[in-house]
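Data block below; observations after.
The values are calculated or read from the model by the stated rules, or taken from the named source; none is laboratory data. For clarity, every value in this text was computed on a predicted model and none was experimentally measured. Virtual Cβ from ideal backbone geometry, glycine too; neighbours counted across all protein chains shown. In case anyone asks, the SASA skips ligands and DNA or RNA and just uses the protein heavy atoms, side chains included. Shrake-Rupley method; radii C 1.70, N 1.55, O 1.52, S 1.80 Å.
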Amino acid sequence: PFPPGLEAALVAAYDRLGKPAVAVRSSGVDEDGETHSLAGQHETLLGVRGESALFDAVRACWASVWSDSAIEYRRRQGITDVLPIAVVIQPMVAPDVSGVLFTRDPVSGAPGKIVVNASYGLGESVVSGLVPDVFVASVNPPRVVSRLLGSKETRMDVGEQGVVQARVSLAERSRLCLDDDQLLRLVDIGVRLERCYGSAQDVEWALCDGAVVLLQSRPITAQADSAGPVKSIA
């Protein structure tokens, strides 16, 4: 059960948002740091609609602190305490293209180059292993260094309840989903975010009707472990 008063507070806040489809995202206080990241372990639910579904999603985020994968990750990292977890509720965007941006090489940590992974629709397509386009850009001077066309066979978008997956047309799969002007805008944003936070950043972004929307920025985890590469949840 929710603590007293929380259900009413959630309903009131959801009403003020206009009851849109929302992203319900876990935000553990020990989740992101420069040496570890629990982002792939805690729950996030996208396209949640309605009060009942919202309540269930919040509970699912809280419960994910005790998932098998989260417990095992903490054990490997030597984290002995289960720290509190918050839940962030955000109105969903409907992106044309979205993805992740690393302000430094996410493997070597080398500065001076920005790596962008991008695909059509929600960024969930990128973090779920559906092969995105991959771009590398230099910071000084700002220019695109390499472009790798991904298969981008499917895309994810907000449905009536949750996320729906659809096939991408052959014409769209056969071309890059970002042009150089869009990439250089992302490069500029990445440089500013790293300067703002004082460390290399792993950034979630979306392109909606020509505007860049920032969804999240966090430190790049310094060392990958056997759980695989650090990934954002969009």
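Here are a few things to note about the model shown:
- Accessible surface comparison of 66, 205, probe 1.4 Å, protein chains only, largest first: the order is 66, 205.
- Per residue, the Cα convex hull of the chain amounts to 133 Å³.
- The 1.4 Å probe gives accessible areas that order 193, 149, largest first, as 149, 193.
- Taking the 1.4 Å solvent-accessible surface of the chain as the whole, the part contributed by carbon and sulfur is 55%.
- Dividing the summed -39500 (n - 2.57) terms of all DSSP H runs of n ≥ 4 by the residue count of the chain sets its mean residue ellipticity at 222 nm at -7500 deg cm²/dmol.
- The chain: angle of helix 51-63 to the longest principal axis, Cα-based, in degrees nearest 10: 80 degrees
- Helix 68-77 and the longest principal axis of the C-alpha atoms of the chain enclose an angle of approximately 60°.
- With R₀ fixed at 41 Å, the C-beta to C-beta distance from residue 86 to residue 153 puts the FRET efficiency at about 0.70.
- Area accessible to solvent at residue 196, 1.4 Å probe radius, in Å²: 100 Å²
- Listed residues 220, 89 arranged by accessible area, highest first, probe 1.4 Å: 89, 220
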